[in-house]
Amino acid sequence: MSLGWDIWLDARKLPYQIGETDLSIALAWADVPADPRWGGVGTDFILRRVRRSVKHPILMRHRRCMRRGLLGFKYLRKAGFDPVLKFAVVEKSLTSKKLDAHCWVCLDGTPVISDREDGMTELMEFPGPVTA
């Protein structure tokens, strides 16, 4: 039960901790090692708690996918999984004044938090692909 509160509390603190900073700071916030307290916690529990914790955003309401993605990525990592956080840009927004981007989380190649939408070009993934 207290593990669910960890996600809820991080969801509330996240807008203040990363604010409008550089993406590298947000990724560093979410890039955590496995935590023994989270060992054995299943993906369903984590994903359900993340969705519930960010359901009614007051802050970061224009960056909902970023908030969900960072929280989901962080807590999947804490539970010992190897998620990938993917980023894309909406192609139509390239000619507008404001760039529109999106992110989602994949686990074993399957989207688990949000997904890529039509009309998007994938820009990067975190952590990046391992090169041999």
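All of the numbers you see were taken from the coordinates with simple rules; none came from a lab. No experiment lies behind these values; they were computed from the predicted model shown. So basically every Cβ, Gly included, is an ideal-geometry build from the backbone, and we count neighbours across all protein chains shown.
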Keeping to pairs on different chains or 8 or more places apart, tell me how many lysine pairs in the chain have Cα atoms under 27 Å apart. 13
Could you sort 32-39, 77-84, 6-13 so that the peptide with the highest average Cβ count within 10 Å comes first and the rest follow in order? 77-84, 6-13, 32-39
For the chain, what is the per residue volume of the convex hull drawn over the alpha-carbon atoms, in cubic angstrom? 126
Residue separation between Arg52 and Lys97 times 0.36 nm, minus their alpha-carbon distance, gives in nm 12.9 nm
Each label sits 7 Å from Cα toward the beta-carbon; between Phe45 and Thr121 the label points are separated, in nm, by 4.2
